Amino acid sequence: MSLAKRNAVVTGSTSGIGLAYARALAAEGANVLINGFGDKDAIEKERSGIEKDFGVKCVYDGADMSKPAEIAAMIAHAEKALGSVDVLVNNAGIQFVSPVEDFPIEKWDQIIAINLSSAFHTIRAAVPGMKARKWGRIINTASAHSLVASPFKSAYVSAKHGIAGLTKTIALEVATFGVTVNCISPGYVWTPLVEKQIPDTMKARNMTKEQVMNDVLLAAQPTKQFVTVEQVAALAVFLCSDSASQITGANISMDGGWTAA
Ligand code: NAD
């Protein structure tokens with residue numbers, strides 16, 4: 001139980017990778033604030049399931065990661081309900097696929113807000129407490145798209161390159177305070193986010209579902225396998241450990257070899 005007495009906030013944790021982070025951190029003894037959208041009953045089931053399965057405290061906050069005031073209130077909620085924010089995982093994210101000339105302006109603004117600016121807002125609210133306590137772990141979910149691009153994902157690729165830069169910058173700012181800041185860059189992980197972009201990619205590229213799966217998604221991944229949410233979460237747990245205290249400002253790929261090519 002390497003994270004007993006630690007308190008964690010995971011944005012976008014009602015689904016996919018975020019939920020796996022929350023459960024993996026709780027399995028190590030951390031209390032967790034989960035966040036994200038979805039069916040009320042399903043979220044309550046996940047929240048109470050975390051408490052029951054791991055014997056930790058788990059609270060839910062429905063803050064919209066595109067709204068700075070709600071983000072600040074969520075960090076305050078975690079500090080009040082759990083006592084502190086020792087681990088901050090910025091994970092909420094959305095995708096939209098379109099050629100740039102048709103890319104809706106509001107989708108660009110929304111992706112930059114949720115996938116990039118939200119991390120600025122959570123970090124600026126959580127860092128003072130981490131610095132005061134001289135311990136903290138900030139983990140941002142970037143993407144292989146923080147290192148390389150794919151066509152038709154202008155906003156997503158821009159936001160993910162941005163999160164990689166934000167990670168390095170904050171790592172330098174807090175380096176002497178026992179606070180590490182890293183990003184994890186998965187390749188394709190099988191989650192609702194990936195499943196949902198298949199129809200748009202089919203349209204944008206005029207392909208069948210099978211062609212998108214094999215020729216677009218796994219085409220980039222030399223192992224020809226999807227990353228699992230549990231593998232991503234296990235890396236986050238390692239980054240929270242004392243063994244990882246000298247890993248900071250890093251962008252760690254978990255992409256089946258995608259960005260080696
Ligand atoms: P997902 O769709 O399963 O989960 C996204 C989560 O974010 C959900 O909990 C959702 O409710 C939440 N969310 C969305 N908009 C929100 C908002 N405005 N406010 C609060 N919460 C919001 O997706 P996922 O695949 O688990 O993605 C999680 C992160 O991992 C994203 O940042 C994504 O870019 C990144 N990522 C995913 C993959 C992949 O292949 N799935 C690869 C690389 C990076």
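The values are calculated or read from the model by the stated rules, or taken from the named source; none is laboratory data. Nothing here was measured: the structure is a model prediction, and the numbers come from that model. Ideal geometry is used to build each Cβ from the backbone, glycine not excepted, and the neighbour counts take in all protein chains shown.
General remarks:
- Single match in Ile123, Ile105 (criterion: β-branched (Val, Ile, Thr) and within 14 Å of the chain's Cα centre (by Cα)): Ile123
- Where Ser154 falls short, out of the listed (1) modelled with pLDDT under 95; (2) within 15 Å of the ligand (Cβ to nearest atom); (3) over 17 Å from the mean Cα position of the chain (by Cα): (1)
- Search result, residues across region 227-261 that are more than 17 Å from Cys183 (Cβ to Cβ) and assigned to a helix (DSSP H, G or I): Glu230, Asp242, Ser243, Ala260
- Count - residues of region 189-202 that are in contact with a Gly (Cβ under 7 Å, 6 or more places away or on another chain) and either of a type in the set (A, V, I, L, M) or surrounded by 15 or more Cβ atoms within 10 Å (Cβ to Cβ) (or both): 2
Let's see how each residue does on (1) surrounded by 18 or more Cβ atoms within 10 Å (Cβ to Cβ); (2) not in a helix (DSSP H, G or I):
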position: Gly162; (1), (2): yes, no
position: Thr169; (1), (2): no, no
position: Asn182; (1), (2): yes, yes
position: Ala204; (1), (2): yes, no
position: Val212; (1), (2): yes, no
position: Asp215; (1), (2): no, no
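- Region 31-119 holds helices (runs of 4 or more DSSP H) entirely within its bounds, and those carrying 3 or more residues that are over 15 Å from Ser15 (Cα atoms), out of contact with any strand residue (DSSP E or B) (no Cβ under 8 Å at 6 or more places or on another chain) and touching a residue at least 24 places away in the same chain (Cβ under 8 Å) map to 68-82, 105-111.
- Output for region 165-194, where each listed residue is free of Cβ contacts under 8 Å to residues at least 40 places away in the same chain, out of contact with any Leu (no Cβ under 9 Å at 6 or more places or on another chain) and of a type in the set (Val, Ile, Thr): Thr169, Thr176
- Residues that are more than 15 Å from the chain's Cα centre (by Cα), on the phi < 0 side of the Ramachandran plot and not acidic (Asp, Glu) within region 166-191 comprise Lys168, Thr169, Ile170, Ala171, Leu172, Val174, Ala175, Thr176, Phe177, Val179, Thr180, listed in sequence order.
- Failed item in (1) under 17 Å from Asn91 (Cα atoms); (2) within 11 Å of the ligand (Cβ to nearest atom), with Glu195 passing the rest: (1)
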